[in-house]
Amino acid sequence: MAKLQTLGQFIVEKQKDFPYAKGEFTRLISDIGIAAKIVHREVNKAGLVNILGEHGTQNTHGEDQKKLDVFANEQFISALRSGGECCIVVSEENDEPIFIESEVSKDAKYIIAIDPLDGSSNIDVNVSVGTIFSVYRRKSVNGRATLEDALQKGTEQLAAGYIVYGSSTMLVYTTGNGVNGFTLDPSIGEFCLSHPELKIPSKGTIYSINEGNYVHFPLGVKKYIKYCQVEDEASSRPYSSRYIGSMVSDLHRNLIKGGIFIYPTTSQAPKGKLRLVYECNPMAFIIEQAGGRASNGSTRILKLDVDSLHQRSAIFIGSAEMVLQAEAMLNEFGY
Ligand code: AHM
Ligand code: MG
């Protein structure tokens, strides 16, 4: 029987590859793993306890917050606060960055951007949701960390990952040396290495987009959707349409099976819907590390300037050849 490797063992093992690492980064990832287990526990019993439904407040984008969004946000912030490695947390659920200033975190050098519970409209109906996170190193040297520390380009990410709370719970992350996936074994309460060195197929047969918005899409996107639907034996078209409405789950499936995920600009949302800092950038880093591609239609997601914490971006992400094909059509027909 193959030897079981837990997330904790794996990151300690990897730390040996970075002789200058002092262990803070290892602790940071393990803090995230602990908060993920607590959120997993709550997500799994969501139907049983009175934790479903609206929390009665709205987040920064005017969307109703669900109770579990609030719970997940609190869990991750509290784990990062008490860990002492993190000086700023940027969360989808908080308008302003959270500056962590305490005795334990006075030398903290990491910034975490997080979407604590992505796809939360799916909670009430028992469909997979996820957490997305991204790790940066602070640039400022002295004193309190600054807003600029939190506005770094995606290329500056040290690590990124997601947790998918699905039929099983998985944590997938990269530190820029490939992508590894861990499945939570609830019987021992540990994430165990289950998907080492994940690679996304260079092409696939799945396209994921909310086609209900078709009428609002730019011409290039409409043309690409029609391209996916045309019969062509050589390229295995028509492709299958698969859209869960939970980016983490949709992308996790496409990472394993091959496919493209698209959230374009629309006439209703001219900048797109998804957020660059804690949704697009971390997913782009992971997918690129797995051999895929991610752009806003023309520019690599990771190269986009970050002007504000909650800015939005269009995204075309997944199997490299499929994203290239979409970009070619956007270029030809406009987007
Ligand atoms: P959320 O962070 O408020 O949950 O929104 C992000 C989610 C993504 O997971 C998903 O891809 C998208 O919103 C679905 O949006 P739509 O319902 O417009 O298709
Ligand atoms: Mg989200």
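Here, each number is a calculation from the coordinates, and none is a lab measurement. Computed from a predicted model, the values in this text were never measured in an experiment. Cβ: placed from backbone, ideal geometry, glycine included. Neighbour counts: every protein chain shown.
Values as computed for the structure displayed
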{"quantity": "Whichever lysines have a C-alpha closer than 28 Å to that of LYS45, once near sequence neighbours (fewer than 8 apart) are set aside", "calculated": "LYS37, LYS66, LYS67"}
{"quantity": "At R0 = 25 Å, FRET efficiency that the Cβ-Cβ distance of HIS195 and SER236 yields, to 0.05", "calculated": "0.55"}
{"quantity": "Nearby aspartates and glutamates by direct alpha-carbon distance to LYS109 (threshold 12 angstrom, same-chain neighbours under 8 apart not counted)", "calculated": "GLU24, GLU85, GLU101, ASP149"}
{"quantity": "Contour excess over end-to-end distance, with Cα ends at ASN126 and GLN229 and 0.36 nm allotted per residue", "calculated": "34.1 nm"}
{"quantity": "Kirkwood Rh, angstrom, the chain [1 / mean 1/r, Cα pairs]", "calculated": "20.3"}
{"quantity": "Pairwise Lys count, region 216-335 - Cα closer than 25 Å, eight or more residues apart or different chains", "calculated": "12"}
